[in-house]
Amino acid sequence: MNAKSIIKLQDLRKDFMMAGSPLHVLKGISLTIQEGEFVTIMGPSGSGKSTLLNILGCLDQASSGMYELDGEIIRNMSRNELADIRNRKIGFVFQSYNLLPRTTAVENVELPLLYNNTLTNKQIRERALEALEMVGLSDRLDHTPAQLSGGQQQRVAIARSLVNDPRVILADEATGNLDMKTSYEVMSIFQELNRHGKTIVFVTHEQEIAEFSSRTITFRDGLLIKDTNNENIQDAAVSLENYEELEEVWV
């Protein structure tokens with residue numbers, strides 16, 4: 001059976017007006033991402049990768065071209081329609097975690113569900129607890145972000161992205177603020193989610209991080225210049241074990 005296409009782009013373009021002149025940020029991007037893929041997007045600053053992620057996440061709309069998400073055409077949708085798509089089909093993980101500082105881990109994870117009027121408070125709490133358990137934080141439910149390490153805060157952010165059972169998880173430099181060991185820990189979670197069928201699109205500037213994905217797309221100057229299936233996918237859990245063994249030697 002052929003895999004289902006989750007994301008389809010055809011000649012996608014995005015222009016911004018700068019000092020009265022158009023700035024062409026995306027210059028005709030065409031690609032398809034299948035259900036269950038783990039795709040990394042790489043490229044230097046200004047290459048268009050973050051602009052693309054904003055469009056994929058329905059935070060912005062393309063100037064022209066076609067974007068289809070899980071069978072729905074994202075074109076000329078109203079703000080409310082875009083918000084509904086985001087809430088139903090997309091989970092976000094950001095470099096800076098974007099957690100509410102005076103709110104506990106479990107309350108942060110509950111936030112996306114507060115817009116779902118079909119769930120009771122008990123169901124919302126159960127879903128949040130399940131998501132935190134999936135990322136190994138069931139013992140940190142009542143901790144605020146200030147009481148958590150950077151890696152633990154990112155785990156809370158990942159749990160929050162999962163709580164609505166999205167079709168796609170979009171991650172923007174999700175390891176950018178983390179040390180190498182913690183990056184391995186976080187990438188092992190993403191790989192485990194992918195093994196359970198989650199489609200992941202992960203923006204990174206680190207080649208080593210891209211090696212944990214099944215496919216790498218490279219951008220430059222608003223163009224897709226390379227699209228490669230990774231033949232030798234690295235296992236983040238193994239990388240973490242190797243790092244910890246080296247740490248023992250260093251100590």
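The numbers here are math on the coordinates, done by the rules we state, and not lab data. Values in this document were obtained by computation on a predicted structure and should not be read as measured data. Virtual Cβ from ideal backbone geometry, glycine too; neighbours counted across all protein chains shown.
Return the calculated 222 nm mean residue ellipticity for the chain, to the nearest 500 deg cm²/dmol, obtained by summing -39500 (n - 2.57) across DSSP H runs with n ≥ 4 and dividing by the residue count.
For the chain, the value works out to -10500 deg cm²/dmol.
Between their Cα atoms, which of Lys14/Lys198; Lys8/Lys198; Lys14/Lys89 are more than 24 Å away from each other?
Among Lys14/Lys198; Lys8/Lys198; Lys14/Lys89, the Cα-Cα distance tops 24 Å for Lys14/Lys198.
Return the FRET efficiency for the residue pair Gln123, Asp165: r is the Cβ-Cβ distance, R0 is 22 Å, and the value is rounded to the nearest 0.05. All intermediate terms of the calculation are to be shown ahead of the outcome.
Working: r = 13 Å, r/R0 = 0.58.
The value I calculate is 0.95.
Taking every DSSP beta bridge that has both residues in region 5-250, what percent is antiparallel when rounded to the nearest 5? Mind showing how you got there, number by number?
Values: 24 of 42 bridges.
Just about 55 percent of them are antiparallel.
Excluding same-chain residues fewer than 8 positions from Lys122, which aspartates and glutamates have a Cα within less than 15 Å of its Cα?
The reachable aspartates and glutamates, counting only those whose Cα sits under 15 Å from Lys122, are Glu107, Glu110, Glu130.
Using Cα-Cα distances under 8 Å and only pairs 6 or more residues apart, what relative contact order does the chain have, in percent?
26 percent
Determine the distance separating the Cα centre of region 73-143 from the Cα centre of region 200-241; give it in Å without decimals.
26 Å
Can you spot the aspartates and glutamates whose alpha carbon is less than 19 Å from Lys49's alpha carbon? Ignore those fewer than 8 places along the same chain.
Within the straight-line cut-off, Lys49 pairs with Asp11, Asp15, Glu37, Asp60, Glu68, Asp172, Glu173, Glu206, Glu208, Glu211, Asp221, Asp227.
Order by neighbour count: Thr204, Thr228, Thr216, Thr32, fewest other Cβ atoms within 10 Å first, most last. Each step should come with its number before you reach the end.
On the way: Thr204 25, Thr228 10, Thr216 19, Thr32 13.
Going from least to most buried by this count: Thr228, Thr32, Thr216, Thr204.
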